[in-house]
Each structure stands twice: as C-alpha cells, then as structure tokens.
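In what follows, a structure is listed as structure tokens, so that the remarks can point back to it.
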Amino acid sequence: MEKPPRLLLSRLWLQNRVYDVTLNSIVFAWKETEPNRKRAPGTNWNTCKAAGSHSVPVCEVIAVQETAEENQKSKKNVGKWHRVPRSPEESYQPPAFTVFYVERTRQHRWRCRSVTFHCPDWGLCQQWIQTIEEQLTLLTYRPKRLLVYINPFGGKQQGKRIYEQKVAPIFSRASISTDVIVTERANHARDHLKSEADLKKYDGVVCVGGDGMFSEIVHGLVWRTQSDSGVDQNCPEETLVPCDIRIGIIPAGSTDCICYATVGANDPVTSALHIIVGDSQPIDVCSVHHHNTFLRYSISLLGYGFYGDLLTDSEKKRWMGPTRYDFSGVKTFLSHHYYEGTVSFLPAIDNASSPRDKFKCRSGCHVCQHSDHLPLEDKPMCNEEEEEEEEQDGVVESGHKDVWRVIRGKFVAINAVSMSCACPRSPKGLSPAAHLSDGTTDLILVHKCSRLDFLRHLLRHTNKNDQFDHSFVEVHRVRRFRFMPKHQEADPEELDLCERGGEGEGGGGGGRGRRLFGQICRDHPACSTCAPTHSTWSCDGETLPHTAIQVGVHCQLIKLFARGIEEQPVFEDSSAVCSA
C-alpha cells in the first residue's frame with residue numbers, strides 16, 4: 001500500500017519542546033526531536049502523553065483554530081501582579097494554532113482533547129490552519145446541520161441540561177448548526193417528523209433521551225420514508241425503503257440499551273463525538289403486524305411472557321421512577337406464569353453466523369458487511385397444510401430446511417432481539433452474539449421450568465457463562481416469525497374480544513383472583529386456576545394491543561451515527577503512515 005503524499009512538515013513548539021509535525025490526507029502526527037531530554041518535575045498527565053510521538057487520524061480531528069495565547073493568559077491572570085517585560089522580544093508571543101481531536105479512554109469512552117503548536121511566523125501558522133481545514137472539508141460524510149429533539153421528562157429528567165452543558169459546546173466547536181425542539185408530550189417528535197419536519201435541510205436527526213425517545217424518532221422517520229415512497233406499511237410482505245438520514249443518540253434515559261449496544265458506553269460526550277466525525281452504522285428493524293394491520297417497529301427487544309408482564313406491571317408504577325423496573329421484575333419473577341401457544345419461524349439457514357457463536361458483533365463486523373438477505377416478499381408465509389410435519393415431544397418441525405418450522409408448547413418467556421440488548425446491568429445482553437445489521441433476529445424460547453431454573457437463566461445475563469446452555473432454553477436465528485396464543489387457536493373469531501378482556505379472566509397479566517405476587521403452588525410453578533390465559537408483548541418498552549403477531553426483519557433499514565463497539569483502537573500506529 002502506497003503512503004499518501006505529505007501535505008505539510010514543519011518544526012514547531014509544544015510545551016517548550018521542539019516537534020516535527022506532519023500532515024497528510026490520512027494522519028496528523030507530531031514527534032519530539034529530543035525525546036531523551038529530561039522533563040520538568042510536576043509535569044501533568046496530558047503533557048506526558050503529548051511528549052514523544054503521537055498520531056491522530058484526520059477523520060477524527062474535530063476542528064482547528066488560531067490560538068490567542070496572550071488573551072487566554074490575561075483572562076486566567078485577572079487581578080494578579082505582572083512583571084513588566086524588559087524588552088519587546090520578551091513580550092512577544094509566537095503565533096499558535098490548536099487542534100481538537102478524539103481521544104479514546106477506558107470502557108469505549110471518547111473525549112475531546114486538544115494540542116497547541118507554536119509557529120515561528122504567522123504565515124506558517126495560517127498555512128497549517130488552512131490546510132487542516134481543507135482536509136476536514138473533504139470529509140463530506142460529516143454532518144453540517146442537525147435536527148435535535150430533547151425529551152425533558154425521560155430518565156432522571158436531565159436531557160436538557162445534558163445537551164446544553166455537554167453536547168452543544170462540542171457541536172459549536174465543530175461548526176455544526178442545530179435546530180433544537182424540546183418535546184412537550186408523548187410522540188411529539190414522531191408526529192413532527194411524520195408531517196412538519198423539512199428533512200432535506202438536515203444531515204441527521206438527534207434524539208436526547210432514552211430508548212423510548214429513540215423509538216419515536218425511528219417510527220417518525222420510517223413512516224415518513226415509506227409514505228413518500230408509496231409503500232403500504234400494513235402489508236407484512238412489503239419491502240420497506242431504507243431511510244437516508246442518519247440518527248444520533250445522546251443518552252439521557254433510564255437504560256439507554258440501544259446506545260450501549262451500538263457504541264459501547266452510555267456517555268453523552270462519546271455519542272456527540274461519534275456524530276461529529278460522521279460515523280455510520282446500519283441497523284436492522286423488525287416490523288410487527290397483527291394480520292394485515294401494522295402495530296409497531298422493534299429495534300431491540302420484543303418480549304412476551306416475563307418481559308411483557310414486567311412492562312405491563314411497571315407502567316402502573318411510573319411514580320416510582322426507574323426503580324419500578326426492579327420492583328416489577330421481582331414481582332413478575334415470583335408470579336412465574338407460563339403461557340401456551342405456537343411459535344412459527346423461518347430460520348436464517350443461509351446466514352454465516354449463529355446465536356451460539358463465541359465472537360461478537362463489533363465495529364467492521366464481516367457478518368454484517370456480507371449479509372446476504374432476500375426481500376420479505378421472496379419468503380412465503382407458513383402454510384402448514386403443505387408441510388410434511390413430524391410431531392415429537394410436543395414439538396412440530398417441518399421436514400424441509402428452507403421452509404418454516406413450528407414449535408408448540410408452554411413458555412415462560414419468548415424474546416426476539418435484533419441486537420445484543422447489552423446495558424450496564426447486563427453487559428453481555430440477552431443474546432451476546434446477535435448482529436446489528438445481518439437481516440436476522442434471535443428468537444429465544446424459554447420453556448416451562450421451575451423458578452430456580454429460570455433464576456439460573458436470568459443470572460447468566462450478568463456473567464460470562466453461556467446463557468443458552470439449559471435444557472429448557474432454545475435459541476434460533478430467524479428472518480421471520482409469528483406467534484399464536486393457545487386461547488386464540490380454538491376460536492380465532494373471538495380474537496379482539498379476548499384481547500380486550502383485560503379486566504376479566506384473560507386480562508393482560510392479572511386474571512381472576514389477582515394478587516400481589518400471584519398464586520405460589522406446591523406441585524407446579526403456576527396454578528391453572530389463577531394464572532392468566534395470555535401475556536402482553538413488550539416492544540421496545542411499549543405494550544402491543546394484540547398477542548397474535550407476525551414479525552419480519554428489514555435488513556439495514558436505518559443508520560445511526562455510530563460504528564459498533566470497537567475491540568481496540570483502529571489506528572494504533574499511524575506514525576508509520578506519516579513518516580517520510
């Protein structure tokens with residue numbers, strides 16, 4: 001590989017030391033000319049890191065500006081006595097410029113660092129500033145104007161403060177203009193994107209909030225794109241048109257699962273820097289339908305049973321704040337209901353990965369880059385009459401590898417995850433080997449089991465053990481699936497009546513004889529006389545009005561200002577590229 005031609009090479013001063021500073025189209029680097037010279041005692045950490053040699057990819061340079069050292073010092077020393085310089089030469093401050101760039105720290109966090117170089121004359125200083133600015137201008141994938149939505153109510157209600165104090169100054173330094181809208185109600189951002197927003201003016205949409213706020217943005221953008229393209233979203237077999245505009249997430253919610261799974265940290269500054277450098281990470285999106293009616297889009301978790309009951313109960317306790325999830329989680333675990341139904345799915349036979357893989361989806365993932373997926377209309381819905389089925393132990397499977405498989409049984413939980421769903425509480429997530437953009441979702445079936453076994457399964461979300469290594473747990477990488485609860489299989493015409501019976505026997509998680517922790521029986525986990533007939537689907541933190549659903553995965557439907565989780569710095573040794 002040929003080295004890019006050098007654009008500039010100068011001998012400049014940094015921290016009273018002389019450095020050879022180099023710039024080409026790939027790397028900005030500086031190297032101390034006398035690295036063995038002893039450093040003064042008390043030198044801080046930043047000075048030590050700047051000493052010796054250092055290199056930064058040009059694509060991770062945030063900005064460059066002329067530095068007025070004299071003005072900065074006068075502001076810092078207001079009210080102090082100053083020694084009068086003995087000669088004009090002593091009072092002379094050499095021209096200087098400052099480069100702001102990305103620096104990686106621990107736990108996938110990024111920080112904005114700066115380095116200031118002094119030049120022998122103003123002409124050379126202006127040449128460096130102009131050349132660096134020209135290189136930054138060539139990075140056309142960087143956003144210049146953003147539409148920002150701030151949720152002031154989500155999480156700990158710190159969204160507005162986080163944006164104004166931590167994010168806005170970095171955007172301003174990078175010369176990014178923003179139009180900010182503070183949402184006033186639920187779905188405010190979604191409705192604005194659907195009809196009012198002039199998306200042609202912007203290079204990206206940024207949400208400041210949690211996963212719920214992000215879901216609003218996705219629904220607004222996807223709906224707008226399909227509407228402009230004439231796509232019928234109520235048709236489950238339709239191929240959706242990918243969104244052109246990228247989405248940025250500034251985490252300010254309770255869990256921020258999507259940000260954590262795509263960046264590796266729930267840190268506003270890190271997310272802002274990913275937006276500034278113009279990163280782009282495609283993301284799969286699942287569409288959820290009830291017959292021929294569109295319900296919602298799912299980006300992270302679609303859960304029935306345990307997670308559906310947990311969300312239903314926590315929605316009644318919003319006054320508790322984020323702690324409601326812990327309380328409802330314990331309550332749902334002690335209730336330990338299971339639900340009967342039929343799961344049909346189309347396996348991802350042609351996919352090059354498996355949910356049991358040891359390697360994870362990381363930045364530059366080859367599985368996502370080489371995903372070979374078919375449009376949804378080329379994948380027929382399950383036709384059980386045409387399949388040759390063989391029933392064993394309550395499991396019905398097709399005799400062909402390229403058609404749908406059917407599983408009937410009793411389930412404590414049914415989860416479909418399109419990403420790892422990792423978060424600080426569960427660093428590995430629900431499916432550690434799930435991929436962000438390979439056109440599949442991981443379908444996790446937790447069959448009827450004891451409370452102790454289910455607890456063992458839940459605890460494995462927090463450790464390094466294989467969480468699918470249980471006899472009652474199975475996982476499949478699928479492209480489509482559908483679920484039919486048993487109480488609807490007998491009389492499908494009563495579908496809507498059953499699902500609206502929330503206050504009756506089959507109400508969403510309550511049922512007759514509803515108690516705080518449900519009935520705890522001696523002989524079996526859940527008593528049939530008090531257990532509800534069906535659960536509720538949780539779709540990225542929102543409940544669905546129907547339990548009989550069909551789900552399809554749309555490969556790389558949206559793009560985020562992210563690059564996936566980095567295993568290690570992608571530019572470990574740039575000095576070799578800069579060398580002559």
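The values are calculated or read from the model by the stated rules, or taken from the named source; none is laboratory data. This one's a predicted model, so the numbers in the text were calculated from it and none came from an experiment. For neighbour counting, all protein chains shown are included, and Cβ atoms are generated from backbone atoms with ideal geometry for every residue, glycine included. With ligands, DNA and RNA removed, areas are computed over all heavy atoms of the protein, side chains included. Shrake-Rupley method; radii C 1.70, N 1.55, O 1.52, S 1.80 Å.
Could you give the length gained on full extension between Q233 and E164, defined as 0.36 nm per residue of separation minus the Cα-Cα distance, in nm?
Details: separation 69, 0.36 × 69 = 24.84 nm, distance 3.70 nm.
Going from the current span to full extension adds 21.1 nm.
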* Asked: Using alpha carbon centroids, what distance separates the range 208-270 and the range 531-565, in Å?
  -> 12
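What order do I250, I565 take when sorted by accessible area (1.4 Å probe), most exposed first?
On the way: I250 0, I565 25 Å².
Result of the area sort, largest leading: I565, I250.
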* Structure fact -> The answer for the range 212-357, accessible area per residue at 1.4 Å probe in Å², is 31
* Structure fact -> Expressed in angstrom and rounded, the centroid-to-centroid distance over alpha carbons for the range 120-150 and the range 467-482 is 49
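Can you pick out the pairs among K360/K464; K428/K448; K358/K464 whose Cα atoms lie more than 21 Å from each other? Mind dumping the intermediate values first?
Working: K360/K464 13 Å; K428/K448 24 Å; K358/K464 11 Å.
Violating the 21 Å limit, Cα to Cα: K428/K448.
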* To do: Could you order peptides 432-438, 128-134 by the average number of other Cβ atoms within 10 Å of their residues, highest first?
  => 432-438, 128-134
* For the range 127-264, list log₁₀ I(q)/I(0) at each q in 0.17, 0.18, 0.20 Å⁻¹, using the Debye formula over Cα point scatterers of equal strength and ignoring solvent, two decimals each. => -0.98, -1.06, -1.22
